[in-house]
Amino acid sequence: MSALALPLAQLEIRSRTGGTCVSEDGFCPGWIVDNLDRYVQPLLEHIYLTVISVAVGFAISFALALLAHRSGWLTAPVTALTSVLYTIPSIALFLILVPVTGLTALTAIIALVAYTQVFLFRNIINGLVNVPEETKDAARGMGLTDRQVLWRVEMPLAVPEILAGLRIATTSTVNLATLAFFAGAGGLGAQIFQDITFRSNVVVAGGLAILLAALFDLIFLGGQRVATPWRRAAAT
């Protein structure tokens, strides 16, 4: 029986990989080329989860940061709350939300939005707070109202820190979204765990997640350079 089992196992591997995978660890370049199309849908799901979560998270954190910046006292409790949310294990949060919102993308998005707050809120509020007081005084001396100072002076000067927060939040969300399949949201994580013993599958799905995080990082880095022309001028 044992002599027969090994050839059968090898035959099963060859059958699963279209006859191109013969290595024991299942790393099959030929199979990867022939099966790239199976990763398109999981990749699109992963992008959707990331973009929606970061966009919603930014809208929430931006509003909270403006309120905290205006009131002053709100900064500490909101910062503490976002820190507490981030300490909750992601799988636990997904499973806690499942009885409420079900095995849907919404469940994953709610959790991912909560995790973005610790990066987004802190960077937005820090960017606003770090604007030099003399710069704001000079703007008021030119006749600008507090609202105009916020949007014409403080917000542009806070852009570098805001975009830095977006970069961190986005790459972190790409990472956490690989566990979103526990909430029934699909994504590259679902593809990885669908056949986690097959190395080619894990390499492709995991590699796509890494490339996606790197791509988002480059996009925000480029946006930061475009949005802060004075930094390029100073460097020149």
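Which of the residues that make up the stretch 91-110 are of a type in the set (A, V, I, L, M, F, W, C) and over 21 Å from A169 (Cβ atoms)? Matches in the stretch 91-110: L95, I96, V98, V100, L103. Is there a residue being in contact (Cβ under 8 Å) with a residue 12 or more places away in the chain and more than 16 Å from the chain's Cα centre (by Cα) anywhere in the stretch 167-179? Scanning the stretch 167-179, I find no residue that is in contact (Cβ under 8 Å) with a residue 12 or more places away in the chain and more than 16 Å from the chain's Cα centre (by Cα), so the answer is no. Restricted to helices (runs of 4 or more DSSP H) entirely inside the stretch 82-158, those with at least 3 residues that are within 17 Å of the chain's Cα centre (by Cα) and in contact (Cβ under 8 Å) with a residue 60 or more places away in the chain are 90-101, 105-129. For the stretch 165-199, filtering for residues that are touching a helix residue (DSSP H, G or I) at 6+ places or on another chain (Cβ under 8 Å), surrounded by fewer than 18 Cβ atoms within 10 Å (Cβ to Cβ) and modelled with pLDDT under 90 leaves 5. Check the stretch 122-135 and report whether any residue there is charged (D, E, K, R) and farther than 23 Å from L66 by Cα. Within the stretch 122-135 (the criterion being charged (D, E, K, R) and farther than 23 Å from L66 by Cα), the answer is no, since none of the residues qualifies. Only residues that are β-branched (V, I, T), at pLDDT below 80 and surrounded by 15 or more Cβ atoms within 10 Å (Cβ to Cβ) were counted in the stretch 20-48, giving 2. A single member of V113, V98, V118 is within 17 Å of L49 (Cα to Cα), buried (at least 19 other Cβ atoms within 10 Å of the Cβ) and in contact with a Ser or Thr (Cβ under 9 Å, 6 or more places away or on another chain), and it is V113.
Going by the structure shown, is A183 among the small types (G, A, S) and under 21 Å from P89 (Cα atoms)? Yes.
Counting only residues that are surrounded by fewer than 15 Cβ atoms within 10 Å (Cβ to Cβ), of a type outside the set (A, V, I, L, M) and over 14 Å from T116 (Cα atoms), the stretch 58-88 holds 5 of them.
Of the residues L157, L150, the single one that is touching a Ser or Thr at 6+ places or on another chain (Cβ under 8 Å) and surrounded by 17 or more Cβ atoms within 10 Å (Cβ to Cβ) is L157.
The values are calculated or read from the model by the stated rules, or taken from the named source; none is laboratory data. What you see is a predicted model; the values in this text were computed from it and never measured. Using ideal geometry, Cβ is built from the backbone for each residue, glycine included, and neighbour counts are taken over all protein chains shown.
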